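Novice: Before anything else, here's the structure in question.
The values are calculated or read from the model by the stated rules, or taken from the named source; none is laboratory data. Given the structure is predicted, the values throughout are model-derived calculations rather than measurements. Cβ coordinates were reconstructed from backbone atoms using ideal geometry, including for glycine residues, and neighbour counts include every protein chain displayed. Accessible surface is based on the protein model in full, side chains and every heavy atom, while ligands, DNA and RNA are left aside. Shrake-Rupley method; radii C 1.70, N 1.55, O 1.52, S 1.80 Å.
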Amino acid sequence: MSAHATPTPMTARPSGPLTGVAEVPGDKSISHRALIFGALAVGETRVTGLLEGQDVLDTATAMQAFGATVTRHGLGDWSVLGVGVGGFAEPAQVIDCGNSGTGVRLIMGAMATTPITATFTGDASLRKRPMGRVTDPLALFGARAYGRQGGRLPMTIVGAAEPMPVRYAVPMPSAQVKSAVLLAGLNAPGQTVVIEREPTRDHSERMLAGFGAEISTEHTPEGRVITLTGQPELRAQTVAVPRDPSSAAFPVCAALIVPGSDILVPGVSQNTTRNGLFTTLVDMGADITFENPRLEGGEPVADLRVRFSALKGIETSPDRAASMIDEFPILSVVAACADGITVMRGVKELRVKESDRIDAMARGLEACGVRIEEDEDTLIVHGMGAGGVPGGATCATHIDHRIAMSFLVLGLASKKPVSVDDGSPIATSFPVFETLMAGLGASISRTNR
Ligand code: S3P
């Protein structure tokens, strides 16, 4: 949906204790991948627990445009009839990935080694984001990209007719780039090797193995060396999508900063490439217990019991940044409600997310009365202690779902309400955010209602 929805101003008010069970929806990263790998497999892949956020719905529409048959059977219950590796058809229309960097970058990778041409676009946020990080390695396979200046969408990719396998060291910590290269490698003969210095989320590697590809990961001094043998026959699978830890982060952090709260968030991923926030919160003094550890949909999960906590500031090291990259906006809210200073280092990737998240959080927190320092790669929040943030501002969300949810969580625990200019992007990743938070006792409303 490239035409951005009508802005929806929203307001969060200081709330009483949050209580109850917060069942957050399916993981966004895994949902995109289930649809894309399903489309590249032979046979019918069944997906349960699929996130029905707009980002994922846009990927489902795209997979249909490339020739797969995608069917919704019920809430979160979908099937994909795949066309096989190399079987993508040339889409008759422009592929609109809406707000989703993951959608567009993974799909570009998936079609780049098939001799078809596709044109991609997205909303005003996605059209600002750099695609060169994906088209550079795709060029090594033989694909060509024609986009706007700075490698921006709209962009046309001409897939390689005779793709070559590639050995590529990903220059920035990015699971999207890694995954795009692996997806392109699927239809190249021989072995494609991706090297990542810092580990990033490994859902593509896990899912490729699950769909029957030959893939291995070696831990070397260079980093993780991932080797994929091209042109496998991917076999359709049943994929049970676990809940999204990046969505769980919002009720978890809300409970930590709203006095008297005590909530249960079931089935939160403990995958070490995703759980950096929870480790950091515990280091800050959070009262979180990890109950009933188990495997769900091939991912390690636990039920998180979370109680209001007196928190202290912390320094997060660059080594941990990738495992909590989407959680820095909400961490900066928690940091504002903690005692002492929190220093987040190695976070420059935040500048190229759905918005420049360092800038968006810094400006909004300042408007709410919090002292901030920042440089290109660092965000520093001067904590004001539990209940100490003045609030009382309207924060700009810049078409960024996580910025919107972060400031709404802040409004539950500040002295005065906090508003956002536009909460509509929340639907991209967490369409039930408002009802879920209301169920816990949070006072969040649409301002004009
Ligand atoms: C994602 C990777 C991350 C993350 C995004 C989802 C993925 O992006 O921020 O929300 O599913 O691969 P980068 O690869 O740009 O770090």
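Novice: Please go through the stretch 299-312 and pick out each residue that is part of a loop (DSSP other than H, G, I, E, B) and either buried (at least 18 other Cβ atoms within 10 Å of the Cβ) or of a type in the set (Lys, Arg) (or both).
Specialist: Residues satisfying the conditions are PHE308, SER309, LEU311.
Novice: I've got another one for you. When you go through (1) open to solvent by 20 Å² or more (accessible area, probe 1.4 Å); (2) over 24 Å from SER31 (Cβ atoms); (3) touching a residue at least 60 places away in the same chain (Cβ under 8 Å) one by one for ALA188, which number turns out not to apply?
Specialist: (1)
Novice: Given (1) more than 19 Å from the chain's Cα centre (by Cα); (2) closer than 28 Å to THR48 by Cβ; (3) surrounded by 19 or more Cβ atoms within 10 Å (Cβ to Cβ), identify the lone condition not met by LEU138.
Specialist: Every listed condition holds for LEU138 apart from (2).
Novice: Now a separate question. Assuming GLY230 fulfils every condition listed in (1) modelled with pLDDT under 95; (2) open to solvent by less than 20 Å² (accessible area, probe 1.4 Å) apart from one, which condition is it?
Specialist: (1)
Novice: Could you please find all residues in the stretch 191-206 being more than 11 Å from the ligand (Cβ to nearest atom) and either acidic (Asp, Glu) or surrounded by fewer than 24 Cβ atoms within 10 Å (Cβ to Cβ) (or both)?
Specialist: GLN191, VAL193, ILE195, ARG197, PRO199, GLU205, ARG206
Novice: Taking the residues in the stretch 346-402 that are among the β-branched types (Val, Ile, Thr) and out of contact with any strand residue (DSSP E or B) (no Cβ under 7 Å at 6 or more places or on another chain) as candidates, determine which candidate is farthest from VAL420 (Cα to Cα).
Specialist: VAL352
Novice: Moving on to the next point. Which of (1) more than 16 Å from the ligand (Cβ to nearest atom); (2) at pLDDT 95 or above does THR6 not meet, given it meets every other one?
Specialist: For THR6, the exception is condition (2).
Novice: A further question follows. Report yes if some residue within the stretch 170-181 is part of a strand (DSSP E or B) and either open to solvent by 20 Å² or more (accessible area, probe 1.4 Å) or in contact with a strand residue (DSSP E or B) (Cβ under 8 Å, 6 or more places away or on another chain) (or both); otherwise report no.
Specialist: Step one: filter the stretch 170-181 for residues part of a strand (DSSP E or B), giving 170.
Now drop any that are not either open to solvent by 20 Å² or more (accessible area, probe 1.4 Å) or in contact with a strand residue (DSSP E or B) (Cβ under 8 Å, 6 or more places away or on another chain) (or both), which leaves 170.
Yes, because at least one residue in the stretch 170-181 is part of a strand (DSSP E or B) and either open to solvent by 20 Å² or more (accessible area, probe 1.4 Å) or in contact with a strand residue (DSSP E or B) (Cβ under 8 Å, 6 or more places away or on another chain) (or both).
Novice: Out of (1) in contact (Cβ under 8 Å) with a residue 40 or more places away in the chain; (2) assigned by TED's automatic domain parsing to the domain that holds PRO137; (3) of a type in the set (A, V, I, L, M), the odd one out for ALA213 is which?
Specialist: Unmet condition: (1).
Novice: Of all the strands (runs of 3 or more DSSP E) wholly in the stretch 1-101, which have at least 2 residues that are over 30 Å from ALA393 (Cβ atoms)?
Specialist: Ranges flagged: 42-48, 69-74, 77-83.
Novice: Filter the stretch 42-59 down to the residues that are surrounded by fewer than 24 Cβ atoms within 10 Å (Cβ to Cβ) and either in contact with a Leu (Cβ under 6 Å, 6 or more places away or on another chain) or under 15 Å from ALA236 (Cα atoms) (or both) and list them by number.
Specialist: The answer is VAL42, GLY43, GLU44, ARG46, THR48.
Novice: Additional query: Do we find that THR119 is out of contact with any helix residue (DSSP H, G or I) (no Cβ under 7 Å at 6 or more places or on another chain), away from the ligand (no atom under 16 Å from the Cβ), assigned by TED's automatic domain parsing to the domain that holds ALA180 and open to solvent by less than 20 Å² (accessible area, probe 1.4 Å) in this structure?
Specialist: For THR119, the condition - out of contact with any helix residue (DSSP H, G or I) (no Cβ under 7 Å at 6 or more places or on another chain), away from the ligand (no atom under 16 Å from the Cβ), assigned by TED's automatic domain parsing to the domain that holds ALA180 and open to solvent by less than 20 Å² (accessible area, probe 1.4 Å) - is not met.
Novice: Inspect the stretch 326-342 for any residue being on the phi > 0 side of the Ramachandran plot, at pLDDT 95 or above and within 16 Å of the ligand (Cβ to nearest atom) and give the result as yes or no.
Specialist: no
Novice: Can ASP319 be described as closer than 25 Å to ALA367 by Cβ, acidic (Asp, Glu) and within 16 Å of the ligand (Cβ to nearest atom)?
Specialist: Judged against the criteria, ASP319 is not a match.
Novice: Let me ask another. Cβ-Cβ below 8 Å, separation at least six or inter-chain, first residue in the stretch 424-444 and under 13 Å from VAL21 (Cα atoms), second open to solvent by 50 Å² or more (accessible area, probe 1.4 Å): which pairs?
Specialist: Going by the 8 Å Cβ cut-off, the qualifying pairs are LEU436/GLU23; LEU440/THR19; GLY441/PRO17; GLY441/THR19.
Novice: Within the stretch 148-155, does at least one residue satisfy the condition of being more than 26 Å from ASP319 (Cβ to Cβ), in contact (Cβ under 8 Å) with a residue 40 or more places away in the chain and part of a helix (DSSP H, G or I)?
Specialist: Scanning the stretch 148-155, I find no residue that is more than 26 Å from ASP319 (Cβ to Cβ), in contact (Cβ under 8 Å) with a residue 40 or more places away in the chain and part of a helix (DSSP H, G or I), so the answer is no.
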